Amino acid sequence: MASPPANAPDELLSRYRIARAQQALFDVPGAGYDEFVDAAGRVRPAWRELAEWVGRLGGRGLDALRSMVRELVDNDGITYTRPDRPHEPGPWHLDPLPLVLSAADWETLETGLLQRSRLLDAVLTDLYGPRETLTSGLLPAQLVFAHPGYLRAAHGITVPGRHQLFLHGCDVSRGADGGFLVHADWTQAPSGAGYALADRRVVAHANPDLYQRIGPRPVSLWAQALRLALIDAAPVSAEEPVVVVLSPGSQSETFFDQAHLAGVLGFPLVESTDLVVQDGRLWMRSMGTLQPVDVVLRRVDADYADPLDLRQDSRLGVAGLVEVLRRGAVTVVNTLGSGVLESPGLQRFLPELCERMLGESPLLASPPMYWGGIDTERSHLLARLSSLLIRSVTGGETIVGAELSASRRAELAARIEAEPWRWVGQELPQFSCAPTAFAPGGLSSAPVVMRLFTVAQRDGYAPMVGGLGGLLAPGAAGYPLKTLAAKDVWVRTAARATAEAATAAPRLPAVTPSATREVSSPRVLSEQFWIGRYAERAEGAARLLTVTRERYDEYHREPGDRADLPGSAVVPVLLRALTRITGTDGGDVDDTALVAAAPDMLWSLTTDRRRPGSLAQSVEGLGLALRAVRDQMSNDTWMVITGVERALQHAGDAPTVAALALPTHLVLAGMLALAGVADESLVRDIGWTMMDIGRRIERGLALTTLLDSTLTADRGPAEPAVIEAVLVACESSVTYRRRNPGTTSVAAVAELLLFDADNPRSLAFTLERLRADLRALPGATGSSRAERLVDDLATRLRRTAPAALAEVGADGRRPALADLMTTANAALRDLAAVITTTHLTLPGEIQPLWGPEERRVVR
């Protein structure tokens with residue numbers, strides 16, 4: 001391959017220069033160092049392959065690349081949940097172009113980052129140990145004790161090994177002179193590593209040629225180092241450590257980050273209700289049994305980790321966890337109380353601490369900071385309020401001085417003068433800019449920031465070679481590091497041949513982790529049970545909506561309304577069946593009024609997620625349940641469910657029957673694909689069994705309700721059309737026609753849909769699968785309440801003759817069929833209730849943070 005030109009195409013550079021010039025107009029804090037071109041306007045060496053590649057793509061190619069990245073993000077199910085909309089995981093925004101770092105730049109960053117991790121580790125060890133930094137006066141005590149991250153209950157608790165700081169996140173940018181600056185340290189429960197790993201997968205897949213040409217150093221080795229470090233962090237008494245990742249729950253902002261990281265590590269993602277403290281140990285619930293836990297990777301803020309010793313109002317932690325930590329029976333990382341290292345007041349003193357504790361000068365600088373507790377610095381702080389970032393050492397949002405009105409600035413000055421030790425001022429951060437294709441219109445420029453990560457090892461810290469980059473918001477919003485989109489960080493190697501050698505392989509731990517075959521707590525099993533129910537509910541609703549829409553089009557679509565034909569009566573029959581199956585009240589209206597309202601009704605039952613029982617609501621519930629146990633599901637699951645969600649979101653705004661054909665078809669196709677993933681890609685463990693139980697119960701409920709709504713009354717001339725519609729809705733019309741050529745009868749329908757044990761859509765087949773699934777549950781005896789319910793219903797079915805179900809009484813109804821359907825439906829509902837009570841209910845008075853009425857749609 002020919003060497004790339006030293007300069008990008010003129011058009012490319014012209015567009016980029018225009019974007020750079022516009023940044024000054026919009027007050028973008030990134031007009032200093034340019035990552036892409038040097039002062040002479042030449043593309044920097046690290047970026048030359050990217051410049052040539054983007055030049056070949058052009059504007060249209062970049063637009064196509066942006067669409068591809070967006071689709072890949074959706075297919076991988078990468079989401080971010082806004083705090084104000086916890087029920088609706090939003091899209092994760094990702095720039096298609098990476099942020100490229102030269103090998104020399106990374107060497108500088110890595111050295112400084114590792115030094116900073118060592119420094120913070122030394123400070124953390126001292127603050128919860130001898131406290132020499134406080135007693136010597138090197139660090140003002142109020143900056144530590146007043147910060148919400150400091151926990152007195154954590155004093156004396158230590159992490160096994162040499163390092164007390166296990167995981168470190170660090171926000172870094174580049175100053176106007178090209179040097180790197182640290183803006184924040186994240187030590188409480190650092191987020192973003194999972195996003196960084198997911199972003200690399202997406203950007204590499206979207207840009208395979210560029211990825212191959214640049215050959216960035218891998219980020220996956222860091223995940224391996226993290227996994228081994230977690231195993232190594234187990235208490236010395238643990239022979240086969242069990243490691244879990246503790247999450248606040250599926251509605252936390254960065255739940256995807258937590259779940260994806262847990263999946264990459266191969267450790268269970270758990271919530272507080274999955275854990276319990278007994279006999280001085282931490283245990284994980286598993287189908288009525290308890291499994292000991294040795295290491296917890298904590299993503300819950302420390303003060304919420306134990307409602308007994310810490311915040312009493314917490315529903316995210318485990319009562320008694322602090323006491324287990326004191327006994328050394330479990331390791332929690334990051335350790336409780338590590339959040340104190342995030343204090344802006346502490347950051348002000350890090351240069352002095354580095355000199356004193358490490359005997360080294362800081363390799364990574366921070367913007368100049370001024371603490372109100374020092375007279376000279378307080379004067380500077382008050383004099384320059386309008387040009388600084390102001391932070392409270394007791395927590396709270398960052399204040400951008402330039403955004404304050406005169407009255408608010410005066411109010412803030414008064415607060416600082418009243419309690420000067422509470423406040424720290426910082427010079428406005430500097431950011432470099434880099435090329436981006438995130439917005440339409442071709443290549444542009446935006447200020448960037450990076451979050452870098454390290455994890456403790458026996459002999460130091462291992463960095464993620466790369467990290468989570470971000471495009472900063474324009475104007476003053478960028479100063480507190482608010483981002484518009486993520487950006488993958490590519491680190492070049494000095495020589496491609498030494499790429500793998502450049503990152504040392506992690507050292508193996510001294511102990512072997514215990515295999516965790518599955519997480520089968522009541523919470524997880526409940527979600528999997530409802531995955532089965534929602535998936536089957538959505539599939540059945542899509543089929544019935546399709547056949548109803550088709551019959552409406554056949555008989556009532558203008559012009560040429562054919563409502564006078566005998567088969568037209570099938571439409572109101574199906575509409576009433578829809579209202580019963582979805583659990584909505586169709587109202588006491590006659591057939592004419594019901595048919596007249598059909599377009600609005602079909603539209604609502606398809607797209608209105610607020611309508612109980614609608615297709616959209618079932619898909620929403622399925623998505624929530626899947627994401628709640630993301631670490632348990634196949635990766636292919638997200639490609640399916642996101643495609644289904646997009647189909648309903650893009651159904652259109654005009655409530656016309658014709659517009660429903662495509663989204664309904666796509667939902668049905670997605671549900672069939674999801675069933676295939678479940679059958680062919682998921683291990684047949686207890687979770688899969690519970691999912692299948694939910695699926696079979698829902699199928700039985702839908703079938704019995706459909707037959708009760710359509711065939712328990714003699715439909716006269718319309719009966720053949722009703723029977724055909726029922727068979728199509730039950731995916732059994734082909735088999736029926738092959739077995740019963742030229743005839744239609746209720747007895748033949750009953751034979752196929754109720755009694756044929758070889759038909760996967762029949763009630764007999766459903767009961768046999770339920771019997772097998774119930775036998776597979778731990779503790780099955782053959783005579784449990786659930787098993788007896790299934791056996792009794794199967795016995796009732798065996799003792800019924802198909803011909804008897806077709807008999808019509810004097811009132812025009814089929815009493816035997818109606819009675820059987822009512823009995824079967826009630827038995828299946830009882831079965832669902834028994835399973836919920838027996839296997840899916842939390843013990844005692846424990847409740848999840850979000851109850852069912854808050855977590856998801858009505859079930």
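Summary table
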| quantity | calculated |
| --- | --- |
| Boolean, Asp74 is farther than 17 Å from Leu210 by Cα, part of a helix (DSSP H, G or I) and either in contact with a Cys (Cβ under 8 Å, 6 or more places away or on another chain) or in contact (Cβ under 8 Å) with a residue 40 or more places away in the chain (or both) | yes |
| Of the criteria (1) in contact (Cβ under 8 Å) with a residue 40 or more places away in the chain; (2) closer than 30 Å to Asp830 by Cβ, which one Asp679 fails | (1) |
| Every residue from the range 372-395 that is in contact with a helix residue (DSSP H, G or I) (Cβ under 6 Å, 6 or more places away or on another chain), hydrophobic (A, V, I, L, M, F, W, C) and surrounded by fewer than 22 Cβ atoms within 10 Å (Cβ to Cβ) | Leu382, Leu385 |
| The lone exception for Ser618 - which of (1) more than 19 Å from Arg543 (Cα to Cα); (2) touching a Phe, Trp or Tyr at 6+ places or on another chain (Cβ under 6 Å) it fails | (1) |
| Subset of the range 728-743 [in a helix (DSSP H, G or I), touching a residue at least 24 places away in the same chain (Cβ under 8 Å) and surrounded by 23 or more Cβ atoms within 10 Å (Cβ to Cβ)] | Ala729 |
| From His163, His147, residue being farther than 26 Å from Glu419 by Cβ and part of a loop (DSSP other than H, G, I, E, B) | His163 |
| The one condition in (1) over 30 Å from Asp631 (Cβ atoms); (2) at pLDDT 90 or above; (3) not acidic (Asp, Glu) that Ala541 fails to fulfil | (1) |
| The range 259-283: number of residues that are over 15 Å from Val629 (Cα atoms) and out of contact with any helix residue (DSSP H, G or I) (no Cβ under 6 Å at 6 or more places or on another chain) | 7 |
| Some residue of the range 267-282 being of a type in the set (A, V, I, L, M) and over 25 Å from the mean Cα position of the chain (by Cα) | yes |
| Members of the range 392-439 found to be closer than 30 Å to Asp63 by Cα and in contact with a Lys or Arg (Cβ under 8 Å, 6 or more places away or on another chain), listed by number | Gln430, Phe431, Ser432, Cys433, Ala434, Thr436, Ala437, Phe438 |
| Residue ranges of helices (runs of 4 or more DSSP H) in the range 308-398 with at least 3 members among the hydrophobic types (A, V, I, L, M, F, W, C) and touching a residue at least 40 places away in the same chain (Cβ under 8 Å) | 321-326 |
| Extreme residue, surrounded by the most Cβ atoms within 10 Å (Cβ to Cβ), among residues of the range 417-438 that are part of a helix (DSSP H, G or I) and out of contact with any helix residue (DSSP H, G or I) (no Cβ under 6 Å at 6 or more places or on another chain) | Arg422 |
| For Ala803: the one exception among (1) over 44 Å from the mean Cα position of the chain (by Cα); (2) loosely packed, with under 15 Cβ neighbours inside 10 Å; (3) closer than 19 Å to Ala702 by Cβ | (3) |
| Filter result for the condition that a residue is within 41 Å of the chain's Cα centre (by Cα) and surrounded by fewer than 23 Cβ atoms within 10 Å (Cβ to Cβ), over Leu707, Leu703, Leu662 | Leu662 |
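Residue-wise test of (1) of a type outside the set (S, T, N, Q); (2) crowded, with 23+ Cβ neighbours inside 10 Å.
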site	(1), (2)
Leu114	yes, no
Ser117	no, yes
Thr125	no, no
Phe145	yes, no
Gly156	yes, no
Ala176	yes, no
Ala184	yes, no
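The values are calculated or read from the model by the stated rules, or taken from the named source; none is laboratory data. Just so it is clear, the model here is predicted, and its values are computed rather than measured. Reconstructed Cβ throughout: ideal geometry from the backbone, glycine too, with neighbour counts over all protein chains shown.
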